[in-house]
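Q: Take a look at this one; I'll ask things after.
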Amino acid sequence: MKPPAFDYYRPTTLAEALSLIGAVEEAKVLAGGQSLVPMMNMRLARPGALVDINQVTELTEIQTLPDRLSIGALVRHYQLEQSPVVRKYTPIIAQAETLIGHPAIRSRGTIGGSLCHADPAAELPVLAVLGDWELTVQSSGQSRTIPAREFFLSFFITAIEPTELLTAVQVPKQTAAGQIVEYAVRSGDFALAIAAVTVDVDSSGTVRDARVALGGVADVPWRDPEMEQEWRGQPIGDNLWRDIACTVSRAIDPADDLHATASHRRHLAKTLIQQAFKRAMEERRTTTQLGRSH
Ligand SMILES: Cc1cc2nc3c(=O)[nH]c(=O)nc-3n(C[C@H](O)[C@H](O)[C@H](O)COP(=O)(O)OP(=O)(O)OC[C@H]3O[C@@H](n4cnc5c(N)ncnc54)[C@H](O)[C@@H]3O)c2cc1C
């Protein structure tokens, strides 16, 4: 199918993009187009105009700051997968990118588009909630920062206003071991369930901080920081990972849908959480050994 008619604008500066988004009625931002264009073709989205931000170079940088990376909204999935800076400071992002769609999709799709599209079964929104990312959002003359946990409101709905543009994502440097694992029916499909974890352990093998975020089990990425406090001070090991997985899988409330039953998603969450923690521990061992041999 083809989309309904729309007007098309191609600003070349951020100021121009913000002014168009503020002024043009029923405008939508076009980033990689990997979600918006199929939705327009299927007539699930009918914007009156597209503001194509692909020429706005101010949105394409990855900046390394002392405590975080500041990632421009137009940075593409493949860049996050390959960037040495991302691999060094936030390796869980590079890992997640290998799970997103196919290379053709990753060559166009962007971090900003992925977050603003807010599919609850997408990988980057799950990491955003897990890692307490902050989203920098601008409109003409104004800028605000939205914590990831306040950004996702429901299926495909975010806290961003129609006159606002997501310009950059503030990602704290990863200081703990972290892993993301998922189950999809076919490689490249959206996952039925995603589990992402980070775990910070002291020298005696006790948890300083452990976090779990899930995708595909609710209308927004799932996380419960209050529950995480119970895990602090516990000795690491398979018993703890099993306890956490059981507690979380009882706490979530997934829905039945065309792709999976609620109980199947609950089972997947339980299995994936344990797998993610075990892999995070392997990662920690490898990093410690490498550290010793250098
Ligand atoms: C076959 C297929 C498989 C896929 N598999 C996966 C997968 O497994 N996991 C996954 O996470 N994704 C998957 N995707 C989606 C892909 O990751 C998209 O790149 C992403 O969801 C949207 O990014 P985009 O840059 O293409 O955004 P677009 O499609 O251009 O835009 C998406 C939405 O975000 C808005 N938007 C975009 N950028 C901004 C901005 N800077 N500020 C404000 N609003 C903005 C647009 O207006 C639109 O509403 C898949 C896509 C396809 C076609």
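Read-outs: derived from the displayed coordinates by stated rules, not from any lab. Computed from a predicted structure; not experimentally measured. All Cβ positions, glycine included, derive from the backbone under ideal geometry; neighbour counts span all protein chains shown.
Q: Over its Cα atoms, what ratio of radius of gyration to 2.2 N^0.38 Å does the chain give?
A: 1.03
Q: Right, another one. Could you state the number of Å between the C-alpha centres of segment 199-228 and segment 255-274?
A: Taking the Cα centre of segment 199-228 as reference, the centre of segment 255-274 is 18 Å away.
Q: A further question follows. Could you pull out every one of the lysines with an alpha carbon less than 29 Å from that of LYS28, ignoring same-chain neighbours closer than 8 positions?
A: Once the sequence-local lysines are set aside, what remains near LYS28 is LYS2.
Q: Taking Cα pairs under 8 Å and at least six residues apart, what relative contact order does the chain come out at, in percent?
A: Result for the chain is 15 percent.
Q: Using the Cα centre of segment 177-293 as origin and beta-carbon charges of +1 (Lys, Arg) and -1 (Asp, Glu), tell me which of ALA280, ILE194, ALA262 is placed farthest towards the positive end of the dipole.
A: It is ALA280.
Q: Right, here's the next one. First select every other residue whose beta carbon is under 13 angstrom from the beta carbon of ALA17; then total the charges, Lys and Arg +1, Asp and Glu -1.
A: -2
Q: Just to be sure I understand: with springs between alpha-carbon atoms less than 10 Å apart, which residue in SER204, SER83, SER19 has the highest mean-square fluctuation in the Gaussian network model of the chain?
A: Judging by the Gaussian network model, the answer is SER204.
Q: Which whole-number percent is the relative contact order of segment 7-52 (Cα, under 8 Å, 6+ apart)?
A: Reported as a whole number, the value is 55 percent.
Q: Still on this structure, I have one more. I want to check the label-to-label distance for GLU228 and HIS259. Put each point 7 Å from Cα in the C-beta direction and report it in nm to one decimal.
A: 2.4
Q: Give me the aspartates and glutamates in straight-line cross-link reach of LYS88: C-alpha distance below 16 Å, same-chain residues under 8 apart excluded.
A: Excluding near neighbours in sequence, the set is ASP67, GLU97, GLU283.
Q: Here is a further query. Hey, which lysines would be in cross-link range of LYS278, C-alpha to C-alpha under 18 Å, not counting anything within fewer than 8 residues on its own chain?
A: Result set, ordered by chain and number: LYS270.
Q: Using the crude model of +1 on Lys and Arg Cβ and -1 on Asp and Glu Cβ, and no other charge, please compute the dipole size for segment 7-52 relative to its Cα centre, in debye to 20.
A: The calculation lands at about 200 debye.
Q: Please list 3J(HN,Hα) in residue order for segment 131-141, calculated via the Karplus relation 6.51 cos²θ - 1.76 cosθ + 1.60 where θ = phi - 60°; whole Hz, with x for glycine and proline.
A: x, 6, 5, 10, 10, 8, 10, 10, 10, 4, x
Q: Sort ARG279, ARG285 by Cβ crowding within 10 Å, fewest neighbours at the top.
A: The most exposed by this proxy come first: ARG285, ARG279.
Q: Once R0 is set to 22 Å, what does the formula 1/(1 + (r/R0)^6) return for the Cβ-Cβ distance between GLU58 and VAL85, expressed as a FRET efficiency to the nearest 0.05?
A: After rounding, the FRET efficiency stands at 0.75.
Q: Let me ask another. What ranking of CYS246, CYS116 emerges when the number of other C-beta atoms within 10 Å of each C-beta is taken as an exposure proxy, fewest first?
A: If I rank by nearby Cβ atoms, fewest first, I get CYS246, CYS116.
Q: I've got another one for you. Quick check on the exposure proxy: order ASP7, ASP67 from fewest to most C-beta atoms within 10 angstrom.
A: Starting with the residue having the fewest Cβ neighbours, the order is ASP67, ASP7.
Q: With +1 assigned to the C-beta of every Lys and Arg and -1 to the C-beta of every Asp and Glu, and no other charges, what is the dipole magnitude of the chain about the Cα centre in debye, to the nearest 20?
A: 800
Q: Sticking with this structure for a sec: Work out the charge dipole of the chain with +1 on the Cβ of Lys and Arg and -1 on the Cβ of Asp and Glu about the Cα centre, then indicate which of LEU69, ALA118, LEU18 is farthest towards its positive end.
A: Of the candidates, LEU69 comes out farthest on the positive side.
Q: How large is ³J(HN,Hα), in whole Hz, for each residue of segment 73-88 in order, when computed from phi with the Karplus curve 6.51 cos²θ - 1.76 cosθ + 1.60 and θ = phi - 60°, using x for Gly and Pro?
A: Once θ is set to phi - 60°, the couplings for segment 73-88 become 4, 8, 5, 8, 3, 5, 5, 5, 5, 9, 4, x, 5, 5, 4, 6 Hz.
Q: With springs only between Cα atoms under 10 Å, which of VAL199, VAL37, VAL86 fluctuates most in a Gaussian network model of the chain?
A: So, out of VAL199, VAL37, VAL86, the one fluctuating most is VAL37.
Q: Using modelled amide H (1.01 Å from N, peptide plane; none on Pro or chain starts), what sits under 5 Å from the amide H of VAL29, excluding residues fewer than 5 places away?
A: VAL51
Q: Apply the Karplus parameterisation 6.51 cos²θ - 1.76 cosθ + 1.60, with θ equal to phi minus 60°, to every residue of segment 89-99 and state each ³J(HN,Hα) to the nearest whole Hz, in sequence, with x for glycine and proline.
A: 9, 9, x, 5, 5, 4, 5, 4, 4, 5, 8
Q: A further question on this structure: What's the magnitude of the charge dipole for segment 1-97 around its Cα centre, counting Lys and Arg as +1 and Asp and Glu as -1 at the beta-carbon? Answer in Debye, nearest 20.
A: 320
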